[in-house]
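Student: First the structure, then my questions, so here it is.
The values are calculated or read from the model by the stated rules, or taken from the named source; none is laboratory data. In this text, all values refer to a predicted model and were calculated from it rather than measured experimentally. Cβ placement follows ideal geometry from the backbone for every residue including glycine, while neighbour counts extend to all protein chains displayed.
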Protein chains: 2
Amino acid sequence: MKIARSEKLFEVGEDALVAMITSKLPTNRDVVAGAGDDCAIVKPCGKIWHVLLKTDCVVEGVHFFPNTPFDQIGWKAMARVVSDIAAMGGVPLHAMITLILPSDFEVIKVEQLYSGLRRCAERYGISIVGGETSTGPLVIVSVSMMGKVNIKRCLRRTKAKVGDAIFVTGKLGGSIRGKHLKFEPRLKEAQWLSARPFVHAMMDLSDGLGKDLPRLADASGLGFVIEEESLPVSKGCTQQQAWSDGEDYELLFSVSADDGKRLQIAWKHKFPNLPLTCIGRFVKKSQGKIPQFKRGGWEHFKSRL
Amino acid sequence: MKIARSEKLFEVGEDALVAMITSKLPTNRDVVAGAGDDCAIVKPCGKIWHVLLKTDCVVEGVHFFPNTPFDQIGWKAMARVVSDIAAMGGVPLHAMITLILPSDFEVIKVEQLYSGLRRCAERYGISIVGGETSTGPLVIVSVSMMGKVNIKRCLRRTKAKVGDAIFVTGKLGGSIRGKHLKFEPRLKEAQWLSARPFVHAMMDLSDGLGKDLPRLADASGLGFVIEEESLPVSKGCTQQQAWSDGEDYELLFSVSADDGKRLQIAWKHKFPNLPLTCIGRFVKKSQGKIPQFKRGGWEHFKSRL
């Protein structure tokens, strides 16, 4: 069925919309059956692989402004989940997309949204195997993903140790100026890190260092001490912004105290264009210090765009 | 952290909300790590099992009225996905929950919503391994699920054959009067059917026979002929309603013409309280007949509650 791109959703209906969306989904060799049945069918992983599951969503007015290009919204929705799979040392495999859209939403915008979702999926070898569409008063894109991780290389939040050096990739703060729509999840960097036994714990920075570092420390039962002036700051940003802005999608990880220098040298050789910075260390919970910043990162239900 | 149940979400914030939600999630033996890290970790299935992936959502004003009890909304959101996994002959395993909630939504309602989600998960042996919460102008509950299916017993929509008898379980129509919030996904019935080689194709009825039967026929490249007067009708409903109301969550499946009677006898013995009805047969696409009903089932973007 041919759809004019200026038609509204209530004019074309669900089946035509789904047919349009599913006509060009990316796939990969693990897919037995993609979209079109009650469920997608993908092949189980081998013995050394565990399955990773993650879901995330972006909401109009919370994660993007109403005038954001829809291609970028699609990229962001997919890339956020890739960033989480990467942060475990995992490989993203299969995605499902839930779209909530107003019924007078233009079909061409759905195409743009899916164009961004596909662009990101194809970039990282991910198949899109299904999803759901429904009506609602504003745009919401929810992405669920299955990935795999080598059980010996999985990087949890729980495994940081007292004395570990705290590292972050890239620069922090000011993501709202554009990076939050265009960032590259640190998949290859995370893969490389997960192969190094001196990396103990890792997560991605989505709500801001000020929210996420305490979460990693808590999960490992530790405290932390950071050197405020060492934070790698995006151009034109303050250290306060690097601490609290959020949406950096960089990696935060812990490394044996003795191996920090070795890591820095190997990193510079492997990823010369991405800064790597030691910002402090993990300590016993009782010895942790709260940094001297005013705000603490993005908080859903409390913060607003 | 203790939360007063009358507090609003913007008063307690995301971390306290997530801590409350994740303190009593169901789990099962396949879970290596549940909620709390970037991703959940579950064990891969054995060689004869394939992985099923499904996502679905319920939206205020579309799938439930604003005054619906939240426990029932939670049950419905989870049970809809169980119904899809069941319809493939699969076993539901792990679920992730995305909640979109207004920031002045009362915490006690989140508890009620999760109580319904947990009740359904526990009933069917499903673990809840993560999810996402965000703000939005109305309530949306999205459930993503991973299941497994024995590759030899998987029932696709694509495998119906010319001459197959068309069967439906239960009675159809009038779900809006209450069944749509309280239905039992036909998991054990679907498991039983998937072990019978004369069952060729199956799906669950969610958008109504008038939408779903043509989808099954299309997927198999077939037409169908039904006997309108044979439709199993819920008490007080017309055949038109049985055709077009939707949200029946019964099973629709195809059976070799020669085995229909044998199935009926075995079914009556195994599931004496659930009607099983032959409503017609699959034919070549060119020989299909469109039934004499006015409306064709639930259509998103076109239909409204």
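Student: Surrounded by fewer than 17 Cβ atoms within 10 Å (Cβ to Cβ), in the same structural domain as A:Asp248 (by TED's automatic domain parsing) and more than 30 Å from B:Glu60 (Cβ to Cβ), is that true of A:Glu184?
Tutor: No.
Student: Further, regarding this structure: Which is aliphatic (A, V, I, L, M), in contact with a Lys or Arg (Cβ under 7 Å, 6 or more places away or on another chain) and more than 12 Å from every other protein chain (Cβ to nearest Cβ), of A:Val162, A:Val168?
Tutor: Only one candidate qualifies: A:Val162.
Student: If you don't mind, another one. Suppose we keep only residues that are small (Gly, Ala, Ser) and closer than 13 Å to B:Ser254 by Cα within region B:207-230. Which one would you say is farthest from the other protein chains (Cβ to nearest Cβ)?
Tutor: Across region B:207-230, the extreme among qualifying residues is B:Gly223.
Student: So, one more: Just to be sure I understand the filter: pairs with C-beta atoms under 7 Å, separated by 6 or more residues or on different chains, first member in region A:129-141 and within 7 Å of chain B (Cβ to nearest Cβ), second member of a type in the set (S, T, N, Q) and crowded, with 24+ Cβ neighbours inside 10 Å. Which pairs pass?
Tutor: Once the first residue is within 7 Å of chain B (Cβ to nearest Cβ) and sits in region A:129-141, its partners that are of a type in the set (S, T, N, Q) and crowded, with 24+ Cβ neighbours inside 10 Å give A:Gly130/B:Thr55; A:Gly131/A:Thr98; A:Gly131/B:Thr55; A:Glu132/A:Thr98; A:Glu132/B:Thr55.
Student: Taking the conditions exactly as written (within 14 Å of chain B (Cβ to nearest Cβ), under 19 Å from A:Arg156 (Cβ atoms) and either buried (at least 20 other Cβ atoms within 10 Å of the Cβ) or of a type in the set (Asp, Glu) (or both)), does A:Asp259 satisfy them or not?
Tutor: For A:Asp259, the condition - within 14 Å of chain B (Cβ to nearest Cβ), under 19 Å from A:Arg156 (Cβ atoms) and either buried (at least 20 other Cβ atoms within 10 Å of the Cβ) or of a type in the set (Asp, Glu) (or both) - is not met.
Student: Do we find that B:Ile151 is in contact (Cβ under 8 Å) with a residue 40 or more places away in the chain, among the β-branched types (Val, Ile, Thr) and facing chain A (nearest Cβ under 10 Å) in this structure?
Tutor: Here the answer is yes, as B:Ile151 does meet what is asked.
Student: Scan region B:132-162 residue by residue and report those that are surrounded by fewer than 20 Cβ atoms within 10 Å (Cβ to Cβ), among the β-branched types (Val, Ile, Thr) and not in a loop (DSSP other than H, G, I, E, B).
Tutor: B:Thr133
Student: Now for a separate question. Can you find, within region B:207-219, the residue that is surrounded by the fewest Cβ atoms within 10 Å (Cβ to Cβ) among those that are farther than 17 Å from B:Gln239 by Cα and among the small types (Gly, Ala, Ser)?
Tutor: B:Ala219
Student: Could you please find all residues in region B:82-104 being buried (at least 24 other Cβ atoms within 10 Å of the Cβ), β-branched (Val, Ile, Thr) and more than 9 Å from every other protein chain (Cβ to nearest Cβ)?
Tutor: Answer for region B:82-104, where residues must be buried (at least 24 other Cβ atoms within 10 Å of the Cβ), β-branched (Val, Ile, Thr) and more than 9 Å from every other protein chain (Cβ to nearest Cβ): just B:Val82.
Student: Ok, one more. Among (1) out of contact with any strand residue (DSSP E or B) (no Cβ under 8 Å at 6 or more places or on another chain); (2) within 27 Å of A:Val81 (Cα to Cα), which single condition is A:Leu263 missing?
Tutor: Unmet condition: (1).
Student: Please go through region A:107-119 and pick out each residue that is within 14 Å of chain B (Cβ to nearest Cβ) and either of a type in the set (Phe, Trp, Tyr) or touching a Leu at 6+ places or on another chain (Cβ under 8 Å) (or both).
Tutor: A:Val107, A:Val110 - these are the residues of region A:107-119 that are within 14 Å of chain B (Cβ to nearest Cβ) and either of a type in the set (Phe, Trp, Tyr) or touching a Leu at 6+ places or on another chain (Cβ under 8 Å) (or both).
Student: Kindly indicate which of B:Val233, B:Val283, B:Val199 is away from chain A (no Cβ under 14 Å), β-branched (Val, Ile, Thr) and crowded, with 23+ Cβ neighbours inside 10 Å.
Tutor: Every option except B:Val199 fails the conditions.
Student: Now, a different point. Residue check: is A:Phe65 outside the structural domain of A:Leu193 (by TED's automatic domain parsing) and modelled with pLDDT under 90?
Tutor: yes
Student: Collect the residues in region B:130-141 that are closer than 18 Å to B:Gly34 by Cβ and either modelled with pLDDT of 90 or more or hydroxyl-bearing (Ser, Thr, Tyr) (or both), keeping them in residue-number order.
Tutor: B:Thr133
Student: Among the residues of region A:115-131, which ones are more than 17 Å from the chain's Cα centre (by Cα) and surrounded by fewer than 24 Cβ atoms within 10 Å (Cβ to Cβ)?
Tutor: Across region A:115-131, the qualifying residue is only A:Ser115.
Student: Among residues belonging to region B:1-32 that are without any contact (Cβ under 8 Å) to a residue 60 or more places away in the chain and not in a loop (DSSP other than H, G, I, E, B), point out the one that is farthest from B:Ser127 (Cα to Cα).
Tutor: Step by step, filter region B:1-32, then rank; the result is B:Glu11.
Student: Condition first: small (Gly, Ala, Ser) and either within 30 Å of A:Asp104 (Cα to Cα) or in contact with a strand residue (DSSP E or B) (Cβ under 9 Å, 6 or more places away or on another chain) (or both). Now tell me which residues in region B:266-300 satisfy that.
Tutor: If the condition is that a residue be small (Gly, Ala, Ser) and either within 30 Å of A:Asp104 (Cα to Cα) or in contact with a strand residue (DSSP E or B) (Cβ under 9 Å, 6 or more places away or on another chain) (or both), then B:Gly280, B:Ser286, B:Gly288, B:Gly296, B:Gly297 are the ones that fit.
Student: Which of the residues belonging to region B:62-85 are aromatic (Phe, Trp, Tyr) and out of contact with any strand residue (DSSP E or B) (no Cβ under 7 Å at 6 or more places or on another chain)?
Tutor: Those that are aromatic (Phe, Trp, Tyr) and out of contact with any strand residue (DSSP E or B) (no Cβ under 7 Å at 6 or more places or on another chain): B:Phe65, B:Phe70, B:Trp75.
Student: Okay, moving on. Filter region A:171-196 down to the residues that are of a type in the set (D, E, K, R) and within 14 Å of chain B (Cβ to nearest Cβ) and list them by number.
Tutor: A:Arg186 - this is the single residue of region A:171-196 that is of a type in the set (D, E, K, R) and within 14 Å of chain B (Cβ to nearest Cβ).
Student: Residue pairs, Cβ under 9 Å, 6 or more apart or interchain, first in region A:274-297 and in contact (Cβ under 8 Å) with a residue 60 or more places away in the chain, second part of a loop (DSSP other than H, G, I, E, B) and of a type in the set (Val, Ile, Thr). List them.
Tutor: Correct list of pairs: A:Arg281/A:Val162; A:Phe282/A:Val162; A:Val283/A:Val162; A:Lys284/A:Val162; A:Gln287/A:Val162.
Student: Only one of (1) in a helix (DSSP H, G or I); (2) in contact with a Phe, Trp or Tyr (Cβ under 8 Å, 6 or more places away or on another chain) fails for B:Ala190. Which number is that?
Tutor: The one condition B:Ala190 does not meet is (2).
Student: Tell me which residues, restricted to region B:37-62, are more than 7 Å from chain A (Cβ to nearest Cβ) and either at positive phi or buried (at least 24 other Cβ atoms within 10 Å of the Cβ) (or both).
Tutor: Within region B:37-62, B:Gly61 is the sole residue that qualifies.
Student: Another one. May I ask you to list the residues in region B:83-129 that are among the acidic types (Asp, Glu) and modelled with pLDDT of 90 or more?
Tutor: B:Asp84, B:Glu122
Student: While we're looking at this one, here's another question. Looking at region A:75-133 only, could you name the residues that are closer than 20 Å to A:Trp192 by Cα and among the polar types (S, T, N, Q)?
Tutor: Hit for region A:75-133 is A:Ser83, nothing else.
Student: Related question: Restricting to region B:220-230, what's the tally of residues that are crowded, with 17+ Cβ neighbours inside 10 Å and either in a helix (DSSP H, G or I) or of a type in the set (A, V, I, L, M) (or both)?
Tutor: 2
Student: As an exercise: evaluate A:Leu17 against (1) more than 12 Å from every other protein chain (Cβ to nearest Cβ); (2) at pLDDT below 75; (3) farther than 26 Å from B:Lys43 by Cα and give the number of the one condition it does not meet.
Tutor: So A:Leu17 meets the others, but not (1).
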